[in-house]
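The values are calculated or read from the model by the stated rules, or taken from the named source; none is laboratory data. Predicted model only: the values in this text are computed from it and were never measured. A quick note on method: Cβ atoms are made from the backbone with ideal geometry, for glycine too, and the neighbour counts reach across all protein chains shown. Ligands, DNA and RNA are stripped out before the accessible areas are found, and what is left, the full protein with its side chains, is counted by its heavy atoms. Shrake-Rupley method; radii C 1.70, N 1.55, O 1.52, S 1.80 Å.
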Amino acid sequence: MKLNDIEQKIKSIRDQINRHNHLYYISNSPEISDIEYDILFRSLLSLEEKFPEFITSDSPSQRISSAVSSEFKQFEHMSPMYSLANCFSEKEFLDWYKRTLDLSGYGQLDLVSEVKFDGLAVSMIYEKGIFVRGSTRGNGIIGEDVTNNLRTIKTIPMVLMGNVPETLEVRGEVIFPKSKFDQFNESRKTEGLSLYSNPRNLAAGSLRQLDSKVTAERSLDIFVYGVGYSIGNDLKTQWNVLNYLKSLGFKVSNLSSLFVKPQEVIDFYNTLVDSISNEDFSADGVVVKVNNLEVQQQLGVVGKDPRWAIAYKFPSIKSVTKLKNIELSVGRTGRISPVAILEPVNIGGAIVRQASLHNFDYIVNNDLKINDLVVVERAGDVIPKVVSFVPEGRKGVEFEWIFPEECPSCGSKIIRLEGESAHLCISSSCPAQLKRLIEHFVSKPAMNIEGIGIKQISILIDNHIIYNQADLFDLDSKKDEIINLNGFGEKRFNNWQKSIEESKKVAFSRVLVALGIPHVGLETAEIISRNFKSINNLIAASELDLVSLPSIGPKVAYSIQNYFSNEDNKYLVNQLISTGVRFDNSTDNMVVDSKLHGLKFAITGSFDNYNRADLVSIIKDLGGIVSSSVSKTTNYLITGDNPGSKLDFAKSNEVKIISIKEFIELTL
Ligand SMILES: [Zn+2]
């Protein structure tokens, strides 16, 4: 290929990758499989490696820069990033509307209402549609240059689509998904690192990393909501702005609405107060903006706040209350966590009586004492937690809490392993652990047995009706006893029976999850199910067999072997098998990843965009077999440029000959 052609080719691959990124991350409607995407991406990398002169800063390959900065460069915004005035009640909001209406001189003002994301505000500059620079809000005039870190966020387009303006400064809020927050802190905890107190701090901390590789590992996301400065477009309203940003390929919240009456805004606000905890981001209110941009101009700015917008804040999510006591809660793996018992307090509409304290070190590090006044935070539907104590509240009646020596459920001695933050009950007959284990067993990602929660499980165990998970499958023999228990009844019992019967059909991988083997989540369970196929093969597997599987390390392998070396666990599995629960994958639906299961491939010739090793690993990953020569039992010969003698053999022996494109189609 001529250099010119190579440059064109690189450009065309980049365009394709950008398009597929948008389909995947913004529209949620991918057109190609992850594997095909990988192939595309790898072909870009290999071309750029061979021809580094064609690497450009907007290439998708440059999302992770290797440069580590020693400090952030300061960067002056093209136009100021204003803060917003707040209001906290319906009356304050209506006062603002009336004031603004009077000032504008109009009889009515259209209003755009948007979610006020609780993250870190950033500004991004695009020249001719290409992302060139990004910064934090800073003090509104000068921010910090975080260009390399912003590049790592997949929902920020590097190249804009459609009708791109000369220069465009876009504003948005970088957030950290709520769903991943606890998990993230959990892994920090096991590594002995300090914890983040909320998703906003985590978003800010992640974006302000000097090494953008660290930022890339965090699951940052963005919502874009405004244009700060632009040349070359003709936007008349904020509503236009939102739709325009969407058309350029940005991620814009679909919760924004255009209203003509202030009462509609209030209704919108009230709906969000109730529903916002279901969203995967933190938000602290609604931003209301005058829709017409010209009217915005006329209204202008007072101090640092524009007159044309206001933040209508959600009810406070932090409160101060008294820490009355600390109790212990025992998890299914025996992990013992301290729980704060609080003087009941209303936080953002919910009465909070208990809050998380993470672990003993957290109590020590935050110097928390019984009888302290403490700040309790509730972020959406995350379990409330104690954030700090109020020093001014100390009267001398506070005292240190000492970690008890015995498990509150079974009375056995609590241990703490060297170098670990967690305290453990290691008794194998601890009722508290059993209750949590069964709660996990019946949960949605596991056996998905409906209508049975921790409350019902506790009653069944405390009344000696069940002793382990398998006993759930034999409730019928104790029917009379059960329906006479407080709050149970026949109808409920019959529903359980139906759901328990259904649960015998769940896939082997989910049964593995249900057992509650430490460190075996759904992903690991699926890998095990695919590779070992049945519980007997898994029990017979050596540590080496286990660690040779992708994403299974020594820790997981040990945990699995340890589980099955326990007689109680073996007994439980046998009991479950006899009830008809599935312990092999023979009747699982063909999963996506074994698309090429049992098919034999051979390869000949060379391919433009990827090398042979990549192809081999793709085939193997999908359950196919690759042989170095063609035989009559070969199903497909993948043929590239300059094929060898394999092609002749295939032709005369009726082996199916396919191109790389046809091969990709097979994998989809
Ligand atoms: Zn115990």
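About the Cα centre of the stretch 431-503, what is the dipole size in debye to 20, counting +1 per Lys and Arg Cβ and -1 per Asp and Glu Cβ, all else neutral? Present the calculation step by step, with values, prior to reporting the outcome.
Numbers: 9 positive and 11 negative charges, 57 e Å.
Computed about the Cα centre, the dipole is about 280 debye.
Can you tell me which aspartates and glutamates have their Cα less than 12 Å from the Cα of Lys180? Leave out same-chain residues fewer than eight positions away.
Those aspartates and glutamates meeting the cut-off are Asp221, Asp280.
Ignoring ligands, DNA and RNA, what percent of the accessible area of the stretch 34-191 is carbon or sulfur (1.4 Å)? Walk me through the numbers before you get to the answer.
Details: 3850 of 7400 Å².
Taking all protein chains in place, the stretch 34-191 shows 52 percent carbon and sulfur surface.
Would you rank Thr271, Thr190, Thr579, Thr604 by solvent-accessible area, highest first, keeping every protein chain in place and using a 1.4 Å probe?
Values: Thr271 85, Thr190 105, Thr579 35, Thr604 10 Å².
Reading off the accessible areas and sorting them downward yields Thr190, Thr271, Thr579, Thr604.
Put +1 on the Cβ of every Lys and Arg and -1 on every Asp and Glu Cβ in the stretch 302-451; which of Ser443, Ala309, Ser412 then has its Cα farthest towards the positive end of the dipole?
Ranked along the dipole, the leading option is Ala309.
What percent do you get for the relative contact order of the stretch 3-63 when only Cα pairs under 8 Å and 6+ apart count?
On the way: 29 pairs, mean separation 23.4, N = 61.
Over the stretch 3-63, the number comes to 38 percent.
Can you give the relative contact order of the chain as a percent, counting alpha carbon pairs under 8 Å and 6+ residues apart?
So the answer I get is 10 percent.
In terms of Cα to Cα distance under 12 Å, which aspartates and glutamates are near enough to Lys656, apart from those fewer than 8 places away along the same chain?
The reachable aspartates and glutamates, counting only those whose Cα sits under 12 Å from Lys656, are Asp648.
Which residue, chosen from Leu666, Val655, Leu637, occupies the Cα position most advanced towards the positive end of the dipole of the stretch 592-667, where the dipole is computed from +1 (Lys, Arg) and -1 (Asp, Glu) charges on Cβ about the Cα centre?
Checked the options; the winner is Val655.
Just the isolated ones, please: cysteines in the chain lacking another cysteine beta carbon under 4.7 angstrom.
When partners are defined as cysteine Cβ atoms under 4.7 Å apart, the chain leaves Cys87 without one.
Quote the charge dipole size of the chain about the Cα centre in Debye, to the nearest 20; the model charges only the Cβ of Lys and Arg (+1) and of Asp and Glu (-1).
240 debye
Place a +1 charge on the Cβ of each Lys and Arg in the stretch 3-63 and a -1 charge on the Cβ of each Asp and Glu, then give the dipole magnitude about the Cα centre in debye, rounded to the nearest 20.
It works out to roughly 80 debye.
Measure off, as a whole percent, the carbon and sulfur share of the 1.4 Å-probe accessible area of the stretch 508-579, all protein chains present. Mind showing how you got there, number by number?
On the way: 1830 of 3540 Å².
Here carbon and sulfur together make up 52 percent of the probe-accessible area.
Roll a 1.4 Å probe over the protein heavy atoms and report the accessible area of Lys322 in Å², nearest 10.
80 Å²
Compute, for Ser275, the solvent-accessible surface of its heavy atoms (probe 1.4 Å) with the complete set of protein chains present, and express it in square angstrom to the nearest 10.
Approximately 40 Å² for this residue.
Once each part is reduced to its C-alpha centroid, what is the distance from the stretch 238-315 to the stretch 395-442 in angstrom?
Between the Cα centre of the stretch 238-315 and that of the stretch 395-442, the gap is 47 Å.
Give or take rounding to whole Å, what are the principal axis extents of the alpha carbon atoms in the stretch 502-574, in descending order?
34, 25, 19
Given a 1.4 angstrom probe, what's the average accessible area per residue across the chain, in square angstrom?
50 Å²
Sum -39500 (n - 2.57) across every DSSP H segment of at least 4 residues in the chain, then divide by the residue count to get the 222 nm mean residue ellipticity, nearest 500.
Value at 222 nm, helices only: -10500 deg cm²/dmol.
Using Cα pairs under 8 angstrom and six or more residues apart, how large is the relative contact order of the stretch 112-231, in percent?
Contact order relative to length: 33 percent.
Filter Lys505/Lys620; Lys91/Lys251; Lys324/Lys385; Lys154/Lys289; Lys154/Lys236; Lys11/Lys50 down to the pairs with a C-alpha to C-alpha distance above 23 Å, please.
Beyond 23 Å between Cα atoms: Lys505/Lys620; Lys91/Lys251; Lys154/Lys289; Lys154/Lys236.
At 1.4 Å probe size, with the rest of the protein present, what percent of the exposed accessible area of the stretch 431-503 is carbon and sulfur atoms?
Answer for the stretch 431-503 is 47 percent, counting heavy atoms of protein chains only.
Given R₀ = 56 Å, what would the calculated FRET efficiency be for Gln298 paired with Ser429, taking r from the Cβ atoms and rounding to 0.05?
The formula returns an efficiency of 0.15 here.
For Met447, tell me the accessible area in Å² from a 1.4 Å probe, rounded to the nearest 10.
0 Å²
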